[in-house]
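Undergrad: Have a look at this one.
What follows draws every value from the coordinates through simple rules; no lab data is involved. Small disclaimer: the values here were computed from a predicted structure and weren't measured. Note that we place each Cβ from the backbone using ideal geometry, even for glycine, and neighbour counts take in every protein chain shown.
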Amino acid sequence: MKYSLPKLDYAYNALEPYIDEKTMVIHHTKHHQAYIDKLNAVLANNPEIADEPVEHLLANLDTLQISDADKTTIRNHGGGFLNHNLFWKVMGPQKAVDEQLVADIEKKFGSLSEFKQEFENSAVSLFGSGWVYLVRDNHNNLQIISLPNQDSPYMKGLSPVFGIDVWEHAYYLKYQNRRAEYVANWWHVLKLLP
């Protein structure tokens, strides 16, 4: 299975002023494309797993009968591919609020504002590069998790609802070292929540 760069549902400048056009272009066409290129290369070298969905490969990484180096490539670049696919989909210039998700968040975290504060705290305090996700477990329970690098919730048997990229390439051109400001502004472009 050969993967390609997904087309965005909005223009590169559509998330301004919260995420700038230049960051979007570089993030999508350079960073995301690089994950795809390296994922495709490792799949081409391992045809026995090439038709497996990336989610399945990540969920079963330890049992794959491939080299450790290729497992690392799938972890890093398969994770980067999936993480970014979801990242682009959950953002947009207009809200499309998921009322059931809002109700589930309020039930689990007490209120939407309490959830946002906990999520932001996780994103700001994550050391180095990585992602913070809202996920569902096998029992449909919500939780916030922090993952390093391009690790994916699928590696932990969890289903991602949405996640924020806190690698510097996601925000550095506009926010420099002000990750907290980027995270706080991200709620404006996350479609699913008010």
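Undergrad: To the nearest 0.05, how large is the calculated FRET efficiency for His56 and Val102 if R₀ is 25 Å and r is the Cβ-Cβ distance?
TA: Working from the Cβ atoms, E equals 0.25.
Undergrad: On a 0 to 90 degree scale, rounded to 10, what angle separates helix 33-44 from the longest Cα axis of the chain?
TA: The two axes meet at around 30 degrees.
Undergrad: Report, ordered by chain and residue number, the lysines lying within cross-link reach of Lys38, taken as a straight Cα distance under 18 Å and ignoring same-chain residues fewer than 8 apart.
TA: Counting by Cα, and skipping residues close in sequence, Lys38 has these lysines nearby: Lys2, Lys30, Lys71.
Undergrad: Using Cα atoms only, what is the angle between the long axis of helix 112-125 and the major principal axis of the chain, expressed in degrees (0 to 90) to the nearest 10?
TA: Result, in degrees: 50.
Undergrad: Also: Can you give the translational diffusion coefficient of region 99-186 in µm²/s, computed by Stokes-Einstein from the Kirkwood radius over Cα pairs at 20 °C and 1.002 mPa s?
TA: Diffusion coefficient, whole number: 159 µm²/s.
Undergrad: Here's a follow-up. Shape verdict for region 86-131, please, from the Cα gyration tensor: rounded (a/c under 1.5), prolate (a/b greater than b/c) or oblate.
TA: Since a/c reaches 1.5 but b/c is at least a/b, the shape of region 86-131 is classed as oblate.
Undergrad: While we're on this one: Would you mind checking the tilt of helix 99-109 against the longest principal axis of the Cα atoms of the chain, expressed as 0 to 90 degrees and rounded to 10?
TA: In the chain, helix 99-109 runs at an angle near 80 degrees to the longest axis.
Undergrad: Mind checking which lysines have their Cα closer than 26 Å to the Cα of Lys95? Skip sequence neighbours fewer than 8 apart in that chain.
TA: Straight-distance partners of Lys95: Lys7, Lys22, Lys107, Lys108, Lys116, Lys174, Lys191.
Undergrad: Hey, how many Å between the Cα centroid of region 119-150 and the Cα centroid of region 160-175?
TA: Each part reduced to its Cα centre gives a spacing of 12 Å.
Undergrad: Per residue and in Å³, how big is the convex hull formed by the alpha-carbon atoms of region 103-151?
TA: Taking only Cα atoms, region 103-151 has a hull volume of 60 Å³ per residue.
Undergrad: Over region 26-153, with a single point scatterer placed on each C-alpha, what log10 of the ratio I(q)/I(0) does the Debye formula yield at q = 0.10, 0.13 1/Å?
TA: Debye curve over Cα of region 26-153, log10 I(q)/I(0) at q = 0.10, 0.13 Å⁻¹: -0.40, -0.65.
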